[in-house]
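So the structure is just underneath, and the comments pick up after that.
The values are calculated or read from the model by the stated rules, or taken from the named source; none is laboratory data. Computed from a predicted model, the values in this text were never measured in an experiment. Neighbour counts run over all protein chains shown; Cβ positions are idealised from the backbone, glycine included. Areas reflect the complete protein model, heavy atoms only, side chains present, ligands, DNA and RNA absent. Shrake-Rupley method; radii C 1.70, N 1.55, O 1.52, S 1.80 Å.
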Amino acid sequence: MRKKDVPQDPHLFGEWKEVSYALDEDGKYVMVPSAGWEPANIANDMAWKSIEAEIGRVVERVRAGELSPLAYHMARHQMDPGMLAGYAGLFKFQVRRHMKPAAFRRISPALADRYAAILRITRDELMEMPGCDPAAGTRK
Amino acid sequence: MTPSFPHRQSAHCESGVCANLLTHHGLSLSEAMTFGIGSGLFFAYFPFVRINHLPLTTFRSAPGRILRQVAKRLGVGVTFRTFRDAGKGMAELDRLLAEGVPVGAQTGVYWLPYFPPALRFHFNAHNLVVYGKEGDSYRISDPVIAEPVLCGAVDLERARFARGPLAPNGKLFFLTNVPKRIDPVPAIREAIREVCRLMTRIPIPLIGVRGMRYLAGRMESWPSRLGERKALLHLGNVIRMQEEVGTGGGGFRFIYAAFLQEAAAVLDEHGLLDFSKRMTTIGDHWRDFAVAGARLCKGRPQGNDDFPALARIVRECADAEHGFFRELDSLVRSRG
């Protein structure tokens with residue numbers, strides 16, 4: 001890749017730039033700031049769309065009463081039961097159980113606070129799924 | 001007093017942290033040189049290891065390997081520590097900072113508040129240097145960010161003790177015993193030969209050029225085996241591992257070409273300049289793969305963009321790298 005060909009397609013980095021290695025006029029390798037590259041942007045967008053689609057599916061199932069609001073908060077943070085269990089110091093099967101509405105309603109206030117702290121929300125927010133746009137907040 | 005640290009933005013976090021720490025201790029090395037001496041270049045495709053439900057594809061060596069190899073080959077002492085208790089992990093960081101030691105840390109990127117939002121996935125093998133504390137914030141030299149940043153203690157603790165695959169467990173590392181003078185020649189030879197071995201002579205069909213050919217074969221069958229939607233997700237994941245931040249472009253092939261160019265001067269071996277050029281061409285071909293693959297992902301294929309055509313590009317890259325590393329190995333061996 002030559003220095004003049006280093007792509008400048010902003011997207012991933014906001015106002016920042018990343019560093020690419022490219023050849024200058026004398027054929028010497030130099031580090032060149034790059035705002036981003038369209039193919040990488042497309043692949044990144046696709047990953048986010050897939051996360052948003054997953055959130056959408058979970059929202060439907062929470063509304064249908066199949067999953068608890070905890071499942072929604074997990075999807076929003078790209079967490080699977082194993083990961084949240086790691087943060088909360090629980091077993092995976094316990095988190096799985098709390099993804100069911102009936103079991104989730106019965107969790108102790110102390111555990112609710114623990115989940116809320118991990119997810120950086122209040123206990124009240126934890127116990128409910130906001131009625132707004134499900135994808136809102138994933139990329140803020 | 002504001003502590004100082006020679007922050008230089010880099011392409012890849014681990015080689016960047018390593019080069020900056022060495023430079024701080026008086027051993028000035030470029031990022032590319034560190035990447036090369038650490039044998040950072042690699043390829044592996046592990047379909048049975050899943051990250052976010054997608055098979056693990058990597059163009060670089062395992063996390064932590066660059067630093068260990070560089071330390072071993074240059075005779076630098078390095079201490080690693082991990083912690084079960086987050087409080088103890090933060091106290092140890094404070095203690096080292098109070099002694100004036102810049103400390104490397106492995107972190108997740110998801111909880112780092114200064115990290116670009118579009119890149120906030122649960123990726124846990126990020127590296128950065130903490131070099132000072134101010135009130136409740138830490139001064140951080142994050143090699144993929146242009147300038148040093150401040151990060152709150154709560155956020156840093158969360159990032160150091162992130163959970164999930166490759167959980168860092170608060171890992172800290174710092175250099176002890178950095179020699180004043182080093183002889184880079186044997187280190188470079190050994191490092192190049194290791195990459196040649198890993199890329200061409202590992203008898204496991206998932207690693208090196210055999211791994212690329214295996215990926216090519218799997219790729220052809222993705223649409224029929226997984227369906228169109230999942231096949232595209234798998235493809236997008238390969239492109240991200242190859243091109244998303246931290247690679248220097250072309251799946252680390254350009255940074256390796258930069259290393260070979262620098263190594264040619266250090267070893268006074270002009271033959272390496274040709275190899276640098278060839279590696280650049282190989283990197284460009286990986287970029288062709290990303291361009292064609294992204295068109296497919298976007299639903300705008302051109303001409304014969306399809307999975308078999310993409311697999312062909314991957315096979316061409318594998319063939320090119322196969323010849324490349326075998327010849328590079330014999331060049332370096334003959335002069336050893």
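Looking only at the stretch B:244-265, how many residues end up being within 8 Å of another protein chain (Cβ to nearest Cβ) and among the β-branched types (Val, Ile, Thr)? So the count comes out to 2. B:Glu244 falls short on exactly one of the conditions (1) acidic (Asp, Glu); (2) touching a residue at least 60 places away in the same chain (Cβ under 8 Å); (3) surrounded by fewer than 19 Cβ atoms within 10 Å (Cβ to Cβ), and that condition is (3). Annotation for the stretch B:150-168: at least one member residue is surrounded by fewer than 22 Cβ atoms within 10 Å (Cβ to Cβ) and in contact with an Asp or Glu (Cβ under 6 Å, 6 or more places away or on another chain). Read through the list (1) within 30 Å of B:Gly135 (Cα to Cα); (2) open to solvent by less than 30 Å² (accessible area, probe 1.4 Å), then give the number of the only condition that B:His25 fails. The number of the failed condition is (2).
Pull up the stretch A:1-32, narrow it to residues that are open to solvent by 50 Å² or more (accessible area, probe 1.4 Å) and at the interface with another protein chain (Cβ under 8 Å from one of its Cβ atoms), then point me to the one that is nearest to B:Cys297 (Cα to Cα). Across the stretch A:1-32, the extreme among qualifying residues is A:His11.
I'd like to check something: does the stretch B:297-305 contain any residue that is assigned to a helix (DSSP H, G or I) and modelled with pLDDT of 95 or more? Scanning the stretch B:297-305, I find no residue that is assigned to a helix (DSSP H, G or I) and modelled with pLDDT of 95 or more, so the answer is no.
For the stretch B:53-89, the set of residues classified as among the aliphatic types (A, V, I, L, M) and under 30 Å from B:Arg229 (Cβ atoms) consists of B:Leu54, B:Leu56, listed by residue number. For the stretch B:207-217, the criterion of a residue being over 23 Å from the mean Cα position of the chain (by Cα) and at pLDDT 95 or above is satisfied by at least one position.
Which one is most open to solvent (accessible area, probe 1.4 Å), of the residues in the stretch B:38-65 that are assigned to a strand (DSSP E or B) and over 26 Å from A:Met79 (Cα atoms)? Write out each step before concluding.
As a first pass, look at the stretch B:38-65 and keep what is assigned to a strand (DSSP E or B): B:41-51, B:54-60.
Still in the running and over 26 Å from A:Met79 (Cα atoms): B:41-43.
Numbers: B:Leu41: 0, B:Phe42: 30, B:Phe43: 0 Å².
Checking each candidate, the answer is B:Phe42.
Would you mind stating whether B:Ala292 is more than 25 Å from A:Ser50 (Cβ to Cβ) and within 14 Å of chain A (Cβ to nearest Cβ)? Taking the combined requirement at face value, the residue does not satisfy it.
The residues of the stretch B:273-284 that are more than 11 Å from chain A (Cβ to nearest Cβ) and without any contact (Cβ under 8 Å) to a residue 40 or more places away in the chain amount to a single one, B:Asp274.
Taking the criterion of being closer than 14 Å to A:Ile118 by Cβ and without any contact (Cβ under 8 Å) to a residue 60 or more places away in the chain, the residues of the stretch A:38-79 that qualify are A:Leu70, A:His73, A:Met74, A:His77, A:Gln78, A:Met79.
Condition first: at positive phi, within 13 Å of another protein chain (Cβ to nearest Cβ) and among the small types (Gly, Ala, Ser). Can you find one or more residues in the stretch A:43-66 that meet it?
Scanning the stretch A:43-66, I find no residue that is at positive phi, within 13 Å of another protein chain (Cβ to nearest Cβ) and among the small types (Gly, Ala, Ser), so the answer is no.
If a residue has to be among the aliphatic types (A, V, I, L, M) and either buried (at least 23 other Cβ atoms within 10 Å of the Cβ) or in contact with a Lys or Arg (Cβ under 7 Å, 6 or more places away or on another chain) (or both) to count, how many in the stretch B:119-139 make the cut?
So in the stretch B:119-139, the residues among the aliphatic types (A, V, I, L, M) come out as B:119, B:125, B:128-130.
Within this subset, residues satisfying the condition of being either buried (at least 23 other Cβ atoms within 10 Å of the Cβ) or in contact with a Lys or Arg (Cβ under 7 Å, 6 or more places away or on another chain) (or both) are B:128-130.
Qualifying residue count, the stretch B:119-139: 3.
Looking only at residues in the stretch A:1-46 that are among the polar types (S, T, N, Q) and touching a Lys or Arg at 6+ places or on another chain (Cβ under 7 Å), the one that is farthest from B:Val144 (Cα to Cα) is A:Asn44. The requirement of being in contact with a helix residue (DSSP H, G or I) (Cβ under 6 Å, 6 or more places away or on another chain), under 22 Å from B:Ala19 (Cα atoms), open to solvent by 20 Å² or more (accessible area, probe 1.4 Å) and in the same structural domain as B:Arg50 (by TED's automatic domain parsing) is satisfied by B:Arg73.
Taking the options B:Thr281, B:Thr247, name whichever one is closer than 26 Å to A:Lys28 by Cα, among the hydroxyl-bearing types (Ser, Thr, Tyr) and modelled with pLDDT under 95.
B:Thr247
Tell me, yes or no, whether the stretch B:251-260 has at least one residue that is buried (at least 24 other Cβ atoms within 10 Å of the Cβ) and not in a helix (DSSP H, G or I). Yes.
Any idea which residue in the stretch B:79-126 is farthest from the other protein chains (Cβ to nearest Cβ), counting only those that are in a loop (DSSP other than H, G, I, E, B), small (Gly, Ala, Ser) and closer than 25 Å to B:His12 by Cα? Write out each step before concluding.
Looking only at the stretch B:79-126, we keep the residues that are in a loop (DSSP other than H, G, I, E, B), and these are B:82-85, B:99-102, B:108-116, B:120-125.
From the residues that got through so far, the ones that are small (Gly, Ala, Ser) too are B:100, B:108, B:125.
Those left that are additionally closer than 25 Å to B:His12 by Cα: B:108, B:125.
Working: B:Gly108: 10, B:Ala125: 15 Å.
Ranking the candidates gives B:Ala125 first.
Apart from one condition, B:Gly323 fits all of (1) touching a residue at least 12 places away in the same chain (Cβ under 8 Å); (2) open to solvent by less than 30 Å² (accessible area, probe 1.4 Å); the exception is (1). Considering the stretch B:290-320, and only residues there that are more than 26 Å from the chain's Cα centre (by Cα) and small (Gly, Ala, Ser), the residue that is most open to solvent (accessible area, probe 1.4 Å) turns out to be B:Gly303. The listed residues are B:Glu220, B:Glu262, and the only one of them that is under 25 Å from B:Ala11 (Cα atoms) and in contact with a helix residue (DSSP H, G or I) (Cβ under 6 Å, 6 or more places away or on another chain) turns out to be B:Glu262.
If only residues of the stretch A:106-128 that are open to solvent by 100 Å² or more (accessible area, probe 1.4 Å) and not basic (Lys, Arg) are counted, the one that is modelled with the highest pLDDT is A:Asp124.
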